[in-house]
Every structure is written in C-alpha cells, then in structure tokens.
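Beneath this line is the structure, given in structure tokens, with notes to follow.
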C-alpha cells in the first residue's frame, strides 16, 4: 500500500489504521514535516520523507517503521508498549529487532524521547548494541522513561555512550514499575562504566523513590559528566511513596556524598 497524499502535504497523522491482514504502508511525501503514527497494530511502515522534522510513534511492538533518505529529522518520540507481548515468543522476538531497526534510522535526530518498553526491548539484543556503528552525533536532548531493571539500565548507558554531544538528559522512573524496588538491597547494575559525557550540562531525574538502583544511575552520571552544571532530583508523587519517605532523606545525603567529575555543579531536590 502506497500513500502519496499531496505533494504539498506537511502534516500527516495516522490513527487506528488496522486491516484484516498485515500490510506494508509506504509513505512518500517530499514536503512532509510532521508525522504521527498511533495505534496501527500489525502494520509495517516505510517512510520516505526527506524534509521530515518531527516524528511521534505510539503503538505496540507489532508495528515496524523504517526510514529512507532521512536527514532532517530533529524530534523523535517512540512511545511504545510491549507488555502485551509477554508470553508470546514470536512477538517477543520481533519487538526488539523492530525497535533496533527504527532507532538506527534516527541517527540524525536532535531531540529523542523513549519509553521503558523500548529500552527493555533493545537490551535483549546485546550483540546489536555492541556492533552499533553510527552514533547519535546531533543529539542534544535525550529523555527516557525507565524501569528499575538491569535491561533498562544497560540500554540507558548504551544510548549515553552513543550520544557524545548530548547537553540535557532527562530520566523518569516509570509509574508502571516492573517491580516495587527494595531500598535495602544492593544495586544490581554496573557502575564502573566510563562514558564521555563532556557536553552534558543538565540532568533531571524524575519519579525518584530512593532505591539503590537509582543511586547507581547517579553515580555513573556524576562520575563521567565533566561539564555538568545542574542536577535536579524530583521525588515520586505516587500514593505509596510514603513508604519511602525515610529512605528519601537518607538518599539525598548519599547523593550529595557521591564523587563528582564536575567541580561546578548544583544538585537540587524537590
């Protein structure tokens, strides 16, 4: 199926596009600036839009997006949900490959936002991440939702490693936690990573509950961000956050005691 639309088309929003059988939908629009794809399960998209600036994709991981001739994209948001695939081996295998394929087409992006299912999915293909050839050289703003899992942590570190020029990094602990963290257990992630975060100036960490895995994220960032100016740590507003009130006080003290690569940094808590 080929969508040519109008040669002058600059905005395209596709919502709830479903068929009795899966289709490959080719979008060819030379003047397209903004593209949104929402809830188009079990369809594959091939996008040829050489002037595209903004891309938003909200769907399950049944959908595939492949970019052709993409040089102008500035803002991309992958708002995916992979929970429905649990227990379905075929879909669980295809989801990570689809996310990797899409991310490789976004190498020129300047502003990138990803949800936790995307991070968890790509972590399942470590060989693909290890052999990733093209960095996100133009990326300046990186926003990620994370679960407190080893998979998400490794994906976050991978993306930071490939985003050497990122200036603003926002990390948000998902309300849809895979598990409620135990604040007394040692962190289960690697913190000895060496990243070149020489351009990073601002970090915002949202939804913090005060667990040790969150502290591991902060250790890596503070140890490697030599030009960091400001770090804002925003605690969770969840109803069960009262359970962690005492832990959050201790957490703040532990954060302030962490070694820092930047000598000119302000850390705030709210």
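The values are calculated or read from the model by the stated rules, or taken from the named source; none is laboratory data. All values derive from a computational prediction rather than experimental measurement. For neighbour counting, all protein chains shown are included, and Cβ atoms are generated from backbone atoms with ideal geometry for every residue, glycine included.
Overview of results
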item	result
Tally of residues being modelled with pLDDT under 90 and outside any helix (DSSP H, G or I) across region 74-104	6
Any chance residue 213 is buried (at least 18 other Cβ atoms within 10 Å of the Cβ), modelled with pLDDT of 85 or more and not in a strand (DSSP E or B)	yes
Residue within region 18-29 that is in contact with a strand residue (DSSP E or B) (Cβ under 8 Å, 6 or more places away or on another chain), under 30 Å from residue 166 (Cβ atoms), in a strand (DSSP E or B) and modelled with pLDDT of 90 or more present	no
Check on residue 176, at pLDDT below 95 and under 20 Å from the mean Cα position of the chain (by Cα)	yes
Filtered residue count, region 191-210, keeping only those that are touching a helix residue (DSSP H, G or I) at 6+ places or on another chain (Cβ under 8 Å), modelled with pLDDT under 90 and either over 27 Å from residue 249 (Cα atoms) or surrounded by fewer than 18 Cβ atoms within 10 Å (Cβ to Cβ) (or both)	5
